[in-house]
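The values are calculated or read from the model by the stated rules, or taken from the named source; none is laboratory data. If you're wondering where the values come from, they're calculated on a predicted model, not measured in any experiment. Glycine gets a Cβ as well: all are built from the backbone with ideal geometry, and neighbour counts include every protein chain shown.
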Amino acid sequence: MFADSHCHLNYKGLVEGQQDVLARARARGVHAMLNIATRESEWDAVIATAERESDVWATVGIHPHEADQHPDIGTARLVERAQHPRVVGIGESGLDYFYDHSDRDRQRASFRAHIAAARETQLPLVVHTRDAEDDTAEIMREEMGKGAYPAVIHCFTASGAFADIALEIGCYISISGIVTFKNAKDLQETAARLPLDRLLIETDAPFLAPVPHRGKTGEPAFVADTAAFLAQLRGEALETLAAATAENFHALFTKTRL
């Protein structure tokens, strides 16, 4: 049984055939899917999917790309919407200096607001970081000093050094289909040594379809392919990795147990 810790079921490419997408995931043993929000206009639809489907849960948050468009979304608004029983996490939020679609100061302010919401609710923060390791680490460490909050680094592609920092401050690390790509040697080296009790798996569907599905629209069913590759990479039985990552998912996103 697999848990897809990060997907976008309401994005174009999946939402049009959402029931078929869910059926294919279930047929491959996916028993839990976390449907991630990236802008306020998505929140109602993302939550509605989780209300309708017993194996789907939701987050509320603002992606760093969208930070400029949501200057008024602060901690209080996130905390308010996070009271919904099917909302189990805060995010995704973080820093993206690769595309710089939003002002960096605005990204950092939004990130801190999300961290504060995670601290207040004790719901896990879903962290996006790209080409922003130093600032992400500095902010997360500084904010952790104000009070602990749970977190996961989603779609991990950062350095091994950043992985060590994330583990040091108590984060989980989620591995996507990128790990199956031929040019992902550094990521493979890091993924091979991550402690099993801090490891999650995800698709980030409809993006990043793993080998052997590259070039196709990603979907939660493909988390099984990422898990199989990762188990072989780590020298573990697939059943062991699947069970551990599923347990980690529910241990981190504790509202999924209710």
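For residues that are among the aliphatic types (A, V, I, L, M), in a loop (DSSP other than H, G, I, E, B) and over 21 Å from Lys216 (Cα atoms), tally how many sit in the range 32-43. Qualifying residue count, the range 32-43: 1. Once the range 140-183 is narrowed to residues that are of a type in the set (Ser, Thr, Tyr) and part of a loop (DSSP other than H, G, I, E, B), the residue that is surrounded by the fewest Cβ atoms within 10 Å (Cβ to Cβ) is Ser159.
Against the criterion of being within 15 Å of the chain's Cα centre (by Cα), surrounded by 23 or more Cβ atoms within 10 Å (Cβ to Cβ) and touching a residue at least 40 places away in the same chain (Cβ under 8 Å), Leu200 qualifies.
Residues that are in contact with a Ser or Thr (Cβ under 9 Å, 6 or more places away or on another chain), in contact (Cβ under 8 Å) with a residue 40 or more places away in the chain and in a loop (DSSP other than H, G, I, E, B) were ranked within the range 208-227; the one that is nearest to Leu9 (Cα to Cα) is Glu219. Whether any residue in the range 10-31 is part of a strand (DSSP E or B), modelled with pLDDT of 95 or more, in contact with a helix residue (DSSP H, G or I) (Cβ under 9 Å, 6 or more places away or on another chain) and under 27 Å from Pro64 (Cβ atoms) is what I want to check. Within the range 10-31, not a single residue is part of a strand (DSSP E or B), modelled with pLDDT of 95 or more, in contact with a helix residue (DSSP H, G or I) (Cβ under 9 Å, 6 or more places away or on another chain) and under 27 Å from Pro64 (Cβ atoms). The one condition from (1) part of a helix (DSSP H, G or I); (2) closer than 22 Å to Ser41 by Cβ that Ala137 does not meet is (2).
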